[in-house]
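Working notes, structure below.
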Amino acid sequence: MWVYRSEIISEDATQPGALVHIEDERGKFLGTALYSSSSQIALRKLTGERLQTQQQLLELLRQRVRTALAYRQWLPQAKDTNAARLIFSEADGLPGIIVDRYNDILSLHSQTQAMDRPEIKQDMVAELQTQLASSGVAHIVERVEPHIRELEQLPPAENHLLHGEKTSTQYTLNGVHFHYDALSGQKTGAFLDQCENYAAAEKYAHGKALDAFCYQGGFALHLARACTEVTALDTSRPALEIAEENEKLNHIQGQPEIEWIEANAFDLLKDYSASGKQYDTIVLDPPAFAKSKRNLETALRGYKELNLRAVKMLRPGGVLVTCSCSYHVSEQDFRQMLTAAAVDAGRTLCILEMRTQSKDHPIVLGIPETHYLKCLICTVR
Ligand code: SAH
């Protein structure tokens, strides 16, 4: 549960990042939360229990870390995969903390004043080390997002090593290999939430394929194992450079060489469809177009334009893998948008799979924000 600043009626003097008790307007106790003095989300509820001391807080957090790790252990393991999200903030009862594993490196990201407190961070790191030592994780890097630190009024910081000595490695998703450089300035690492969707897309992919927002090649490299031709595009030159390096890690005799193009998908899809290009498989995984409820309409127009062009370019029997990672675009909005695109294109789409984020990004009933990724795999008639 979140409490926005605008919902607070009165508050006692509180330190940034402190443990606080929430009460309703009649003074009824509602639970214990972590406080932010600057974010619009002033309180992130941790528990309905009344925690009093720092010690109790640390114990609860350690317990939640163990529960989060045990859940990932329990999940059916994806084949030939050694990267996963181990802690996903509210979805694991640990608001403001994200931990991803890339083979032997953990990348930790604290997003709130509370989770950035040194005693909390150190304690979490110690617990992660203890729990994961036997599984080959030997290095921990802290990644920072300057924009989030600014919002939380935290002092600027750089990505840095917290434990061990290694900051770059290689990791594997579904048998596909990738580079990981934890200290690199720009966002690096993977969209681990798509891991299961890569494997699903590969099952249906065939013929001539296009990956329109390819980043470091997540979908494209999977498509290359199933298709005869793969074109992948992105606006980010640094992402494409890593994608090409990733391709070299994987190149297998008989697989097509991927054509990497630096381009804007809106422009390129328009040109390609105008020039009559056709594909058998198209993947659309754009960035979140709807960053807030306010730009939902504009976002849906953007999704529709892309999907319309893609549907038009697919041959009968072709496969469309279309995603939205905007929380504000609901599953229903997304399907309506796609229906409208199909109607405009004069084509029929049949859903093969309605998918979402990988299970290491848990969707918690009662916490709607934890369900954000939509991924529809369709065949086009
Ligand atoms: N499918 C990728 C993740 C895509 S993230 C994976 O699974 O790894 C979205 C990507 O879209 C980013 O790499 C970003 O650089 C790129 N992007 C943003 N706007 C774009 C545009 N207009 N055209 C093409 N790429 C764009």
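The values are calculated or read from the model by the stated rules, or taken from the named source; none is laboratory data. For clarity, every value in this text was computed on a predicted model and none was experimentally measured. Here the Cβ is made from the backbone with ideal geometry for all residues, glycine too, and neighbour counts use every protein chain on show. Only protein heavy atoms, including side chains, enter the accessible area calculation; ligands, DNA and RNA are left aside. Shrake-Rupley method; radii C 1.70, N 1.55, O 1.52, S 1.80 Å.
Considering all projection directions equally, how large on average is the shadow of the alpha-carbon convex hull of region 55-174, in square nanometres?
On the way: hull surface 30.0 nm².
The directionally averaged projection comes out at 7.5 nm².
Helix 118-132 and the longest principal axis of the Cα set of the chain meet at an angle near 60°. Measuring between their Cα centroids, region 1-48 and region 137-169 lie 27 Å from each other. Using a probe of 1.4 Å on the protein chains alone, the accessible area found for S134 is around 120 Å².
Residues whose amide H falls under 5 Å from that of L314, counting only those 5 or more places apart or on a different chain, are Y279, with hydrogens built in the peptide plane.
Relative to the longest principal axis of the Cα atoms of the chain, the long axis of helix 331-345 lies at roughly 20 degrees.
Determine, from the Cβ-Cβ distance of L161 and E259 and an R0 of 35 Å, the FRET efficiency 1/(1 + (r/R0)^6), rounded to the nearest 0.05. Taking R0 as 35 Å, the efficiency between L161 and E259 is 0.45. Rounded, prolate or oblate: pick one for the chain, where a ≥ b ≥ c are the square roots of the eigenvalues of its C-alpha gyration tensor, a/c under 1.5 means rounded, and failing that, prolate if a/b is larger than b/c, else oblate. It is prolate, given that a/c is not under 1.5 and a/b is the larger ratio.
Using 0.36 nm per residue of separation minus the Cα-Cα distance, give me the extension gain between I351 and R315 in nm, one decimal. Present the calculation step by step, with values, prior to reporting the outcome.
Working: separation 36, 0.36 × 36 = 12.96 nm, distance 1.59 nm.
Separation in residues times 0.36 nm, less the Cα-Cα distance, equals 11.4 nm.
By the rule of a C-alpha distance below 25 Å, with chain neighbours fewer than 8 residues away ignored, the lysines paired with K248 are K79, K166, K187, K203, K208.
Coupling constants for region 138-149 follow from the phi torsions by the Karplus curve (6.51 cos²θ - 1.76 cosθ + 1.60, θ = phi - 60°), and in residue order they are 10, 9, 10, 10, 9, 9, 10, 10, x, 5, 5, 4 Hz; glycine and proline get x.
Here the sum of -39500 (n - 2.57) over DSSP H runs of 4 or more residues, divided by the residues of the chain, equals -9500 deg cm²/dmol at 222 nm, to the nearest 500. Look at the alpha carbon pairs under 8 Å that are at least 6 residues apart: their mean separation over the length of the chain gives a relative contact order of 11 percent. Computing FRET efficiency as 1/(1 + (r/R0)^6) for A13 and Q56, where r is the C-beta to C-beta distance and R0 is 22 Å, gives about 0.55.
Considering only the other residues whose Cβ falls under 14 Å of the Cβ of F29, what net charge follows from Lys and Arg at +1 and Asp and Glu at -1?
0
Reported to the nearest whole Å, the Cα centre-to-centre distance from region 264-285 to region 72-106 is 34.
Could you order W260, W74, W2 by accessible surface area, starting with the largest, using a probe radius of 1.4 Å? It would help to have the intermediate numbers written out before the result.
On the way: W260 35, W74 185, W2 75 Å².
Heavy-atom accessible area, descending, gives W74, W2, W260.
Placing I105, I367, I351 in order of accessible area, with the largest value first and a 1.4 Å probe, yields I351, I367, I105. With a Förster radius of 25 Å, plug the Cβ-Cβ distance of K203 and H251 into 1/(1 + (r/R0)^6) and report the FRET value to the nearest 0.05. Here the calculated transfer efficiency is 0.70.
Accessible area of H139 (1.4 Å probe, protein heavy atoms only, ligands and nucleic acids ignored): about 20 Å².
If we count every other residue with Cβ under 13 angstrom of A68's Cβ, Lys/Arg +1 and Asp/Glu -1, where does the sum land? If you can, show how the numbers build up before the last one.
On the way: positive: R62, R64, R66, R72, R85, R101, K359; negative: E90, D92, D100, E127, D360.
Summing Lys and Arg as +1 and Asp and Glu as -1 gives +2.
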